[in-house]
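A short worksheet on the structure shown next.
The values are calculated or read from the model by the stated rules, or taken from the named source; none is laboratory data. No experiment lies behind these values; they were computed from the predicted model shown. Cβ coordinates were reconstructed from backbone atoms using ideal geometry, including for glycine residues, and neighbour counts include every protein chain displayed. For the accessible areas, the whole protein counts, side chains as well, though only heavy atoms, and no ligand, DNA or RNA atoms are used. Shrake-Rupley method; radii C 1.70, N 1.55, O 1.52, S 1.80 Å.
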Amino acid sequence: MSGTETSTDSGKHDFVVVSNRLPVDRVVEPDGTASWTRSPGGLVTALEPVMRQKDGAWIGWGGQPDLEFDPFESDDIRVIPVALSAREIENYYEGFSNDTLWPLYHDVIAPPTYNREWWDCYVEVNQRFADAAAEASAPGAVVWVQDYQMQLVPKLLRLLRPDVTIGFFNHIPFPPYGIYSQLPWRTQIIEGLLGADVIGFQRVADASNFQRAVRRLKGYSTKGYQVEVPLVDQSPGVRVFGEIKRQGTFRTVVARPFPISIDAQSFEELARTPAIQERARQIREDLGNPSSIMLGVDRLDYTKGIGHRLKAFGELLAEGKLSAEDVTLVQVANPSRERVQAYMELRNEIELTVGRINGDYGTIAHVPISYQHHGFPREEMVALYLAADVMLVTALRDGMNLVAKEYVACRFDEDGVLVLSEFAGASDELKRALLINPHDIDGVKDAILRAVAMPKRERTARMRSMRKRVIEHDVSRWSDEFLKVLESRAHNGTSGHELA
Ligand code: G6P
């Protein structure tokens, strides 16, 4: 699907989404022709109907440096590209977003870097996105800002456009205060987020962590899922805050969980396609018909616990509890953020481990790990999910983990076992998975053995219950619920001046 230019657009929209990445990628063919191709994310699928209904626009970055483009139409979505220079990609995207916030928000699994230039650039780029949103919004529009790269946009946009209703959704975890408080710009980020009317998190724990940070850093009170933000902010000073409270000059911000999901039906439809089922059979045959296929599908990221998974698998092979003839682990590792040092190191570590395990326990006929360092089209992913007897999700920390939900959605045959980390948001909902603590290698090994040996009856009972959850709570329900709460907050009342 490629974008086509239209000139009928008024330039003002009632519904605006702001995210770092656009739902379309700029693809340049070898012959030099370029087009925009729809990226297959669940978010765009969920928002498409709302976009159509409400004359929506999507503001984001095209994924490459200095892409200066006029807004265009792509399958009924108005796309408004924001250009980033090479320096901004380095400082705002690779630096502050992915080498400061990402590791900090994921329990400092990797050490975050605190760099003042990166912060300055994050502020600059957030301002550019806020300016673009202010420009694109019709009077009284609803603007929905996505994820950790954009945390200052709610406040910056409110200053420019006090008439719009602003939502923010954090796709990744929000860390406990003891970790969050490391951030030199911790107060500015909280203030940035509180510019929103509704702030969504994946888990109850994330919303509580955020509320605690608000109380500690701003002294505002929180009640249930509501934060009371004084219209004239004179913090620090609870006493002044108390006086304001008597005057009742507050706006309330809703900060609560809205666990994200997938377009479950479209995964199931693909899984029911005969060609994809045939492909699943072919995959099993190509792997040498092992009695069990295990599958890992992750962006190559240190939060995903790929190393822990490989350690557990390697030990089981070493102890003779599994053999390369019987079991194959297919590990899909999508290349990601390849210019960030921690990701380069991770790739080296993982590939060394895969090489060792295959060298030590493989035979000419059977390789224990089929390692794929690239993405696959969705059809191939679905075939892999169907072929996999056991799905391994061993994240050390993960906002949700949609792979776990995709696996469940595809298994209309009510078969397959999901081994799922309790540190992934999905474990709040998929309680009938085999839940593991990925740091407990013996526990992971036990779960793998249990999964491989699980009787059909138990597999069916567990999968049936997980499917019910994923099918009922799909991504359109997620966006409907968020937008319902957001729209109910319209005219929640403040002016940019009062917030300054
Ligand atoms: C996570 C984040 C998203 C991000 C995605 C891919 O899911 O929550 O905001 O887009 O990773 O990462 P990338 O850096 O390639 O956009």
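Scanning region 33-46 for residues that are touching a strand residue (DSSP E or B) at 6+ places or on another chain (Cβ under 6 Å) and buried (at least 17 other Cβ atoms within 10 Å of the Cβ) gives Trp36, Arg38.
Can you give me the number of residues within region 80-120 that are within 16 Å of the ligand (Cβ to nearest atom), under 29 Å from Arg38 (Cβ atoms) and not in a helix (DSSP H, G or I)? Of the residues in that region, 4 qualify. With respect to the conditions (1) surrounded by 20 or more Cβ atoms within 10 Å (Cβ to Cβ); (2) touching a Leu at 6+ places or on another chain (Cβ under 9 Å), Pro65 falls short on a single one, namely (1). Considering (1) among the hydroxyl-bearing types (Ser, Thr, Tyr); (2) under 28 Å from Arg397 (Cβ atoms); (3) away from the ligand (no atom under 16 Å from the Cβ), the lone condition that Thr273 does not fulfil carries the number (2). When the residues of region 50-61 are filtered to those that are within 21 Å of Leu157 (Cα to Cα) and not in a strand (DSSP E or B), the one that is least open to solvent (accessible area, probe 1.4 Å) is Met51. The residues on offer are Leu392, Leu384, Leu418, and the sole one that is open to solvent by 10 Å² or more (accessible area, probe 1.4 Å) and either more than 16 Å from the ligand (Cβ to nearest atom) or assigned by TED's automatic domain parsing to the domain that holds Ala453 (or both) is Leu384. Being in contact with a Phe, Trp or Tyr (Cβ under 6 Å, 6 or more places away or on another chain) and assigned to a strand (DSSP E or B) is the filter here, so list the residues in region 384-417 that pass it. Met391, the sole residue that qualifies.
Looking at this structure, is Ala451 modelled with pLDDT of 95 or more and within 17 Å of Tyr385 (Cβ to Cβ)? So Ala451 passes the test. Scan region 285-306 and report the pairs whose first residue is at negative phi and whose second residue is basic (Lys, Arg) and not in a strand (DSSP E or B), with Cβ atoms within less than 7 Å and a gap of 6+ or a chain change. Note: pairs meeting the criteria are Ile293/Arg284; Gly296/Arg309; Asp298/Lys304; Leu300/Arg347; Thr303/Arg397. Take the conditions (1) charged (D, E, K, R); (2) within 16 Å of the ligand (Cβ to nearest atom); (3) without any contact (Cβ under 8 Å) to a residue 60 or more places away in the chain; Asp413 misses just one of them, which is (2).
For region 359-381, give me each residue that is part of a helix (DSSP H, G or I) and either surrounded by fewer than 17 Cβ atoms within 10 Å (Cβ to Cβ) or not assigned by TED's automatic domain parsing to the domain that holds Leu295 (or both). Matches in region 359-381: Gly359, Asp360, Arg378, Glu379, Glu380. Applying the condition of being open to solvent by 60 Å² or more (accessible area, probe 1.4 Å) and closer than 30 Å to Glu90 by Cα to region 294-348 and asking which residue is farthest from the ligand (Cβ to nearest atom) yields Asn348.
Rundown of residues vs (1) under 19 Å from Pro259 (Cα atoms); (2) surrounded by fewer than 23 Cβ atoms within 10 Å (Cβ to Cβ); (3) among the acidic types (Asp, Glu), yes/no style:
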position: Gly140; (1), (2), (3): no, yes, no
position: Asp147; (1), (2), (3): yes, yes, yes
position: Pro154; (1), (2), (3): no, no, no
position: Leu157; (1), (2), (3): no, no, no
position: Arg161; (1), (2), (3): no, yes, no
position: Phe174; (1), (2), (3): yes, no, no
position: Trp185; (1), (2), (3): no, yes, no
position: Leu194; (1), (2), (3): no, no, no
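Whether a residue is more than 14 Å from the ligand (Cβ to nearest atom), free of Cβ contacts under 8 Å to residues at least 12 places away in the same chain and not in a helix (DSSP H, G or I) was assessed, and Pro175 does not pass this test.
Residue-level analysis places Gln211 outside the set of residues that are open to solvent by 30 Å² or more (accessible area, probe 1.4 Å), more than 16 Å from the ligand (Cβ to nearest atom) and part of a helix (DSSP H, G or I).
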